[in-house]
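Encoded as structure tokens, the structure appears first; notes follow it.
The values are calculated or read from the model by the stated rules, or taken from the named source; none is laboratory data. Only a predicted model underlies this, so the values are computations on that prediction, with no experimental measurement involved. Every residue, glycine among them, receives a Cβ derived from its backbone with ideal geometry; neighbour counts consider all protein chains shown.
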């Protein structure tokens, strides 16, 4: 199996050549799509960041109301704690270890029975609202899937503002927050080192066999 490596080549050079070849192997990119499991979070208002499935929900307190996690018949959702009108409950979604991600879809509902235009606002990293209230989208009283893959402002973002707006006493909520992100797998230096040591051992063993012969 390794015969050609030794023929006309110094063993040490062959080892280095193999390690270099492995190191030059193209990195593999993997795209992961997941729906954040909000049911793993405690219900109620939160003023400190919550972590779920490698992502962080951070309340954007100040001019907005406090966000909360609610259980709606077994469906856990993000909504505002108070009727603050268009201010809503700014909640910044980021990856725990940083990095870019994209919004794939969400499910939204007007739990108070309102079909009005103010309901959900979703903003990109620069704060520009790219989906929701500014577009006057009507909402159903039951959770309805909203496909966001065509919204360019929600692709490859490092922070996305999920903003359930409370207006006219109605509870607008967001659930089934689905995101996607890409990770790159590269050979670990430790793995390459072990592989090189293994080949070095094979070289030494071959030298001993040669001397005995």
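Some points to look at:
- Condition met for residue 88 (out of contact with any strand residue (DSSP E or B) (no Cβ under 8 Å at 6 or more places or on another chain) and either part of a loop (DSSP other than H, G, I, E, B) or at positive phi (or both)): no
Listed here are the residues, each with its yes/no results for (1) at pLDDT below 95; (2) part of a strand (DSSP E or B).
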{"position": "26", "(1), (2)": "yes, no"}
{"position": "30", "(1), (2)": "yes, yes"}
{"position": "82", "(1), (2)": "yes, no"}
{"position": "104", "(1), (2)": "no, yes"}
{"position": "122", "(1), (2)": "yes, yes"}
{"position": "126", "(1), (2)": "yes, no"}
{"position": "130", "(1), (2)": "yes, yes"}
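- Only residues that are assigned to a strand (DSSP E or B) and at pLDDT below 90 were counted across region 168-183, and they come to 5.
- When residue 48 is tested against (1) part of a loop (DSSP other than H, G, I, E, B); (2) within 15 Å of residue 160 (Cβ to Cβ); (3) at pLDDT 80 or above, just one condition goes unmet, and that condition is (2).
- Test result for residue 112, assigned to a loop (DSSP other than H, G, I, E, B), modelled with pLDDT under 80 and either farther than 29 Å from residue 58 by Cβ or more than 18 Å from the chain's Cα centre (by Cα) (or both): yes
- All positions within region 139-167 that are at pLDDT 90 or above and in contact with a helix residue (DSSP H, G or I) (Cβ under 7 Å, 6 or more places away or on another chain): 148, 160
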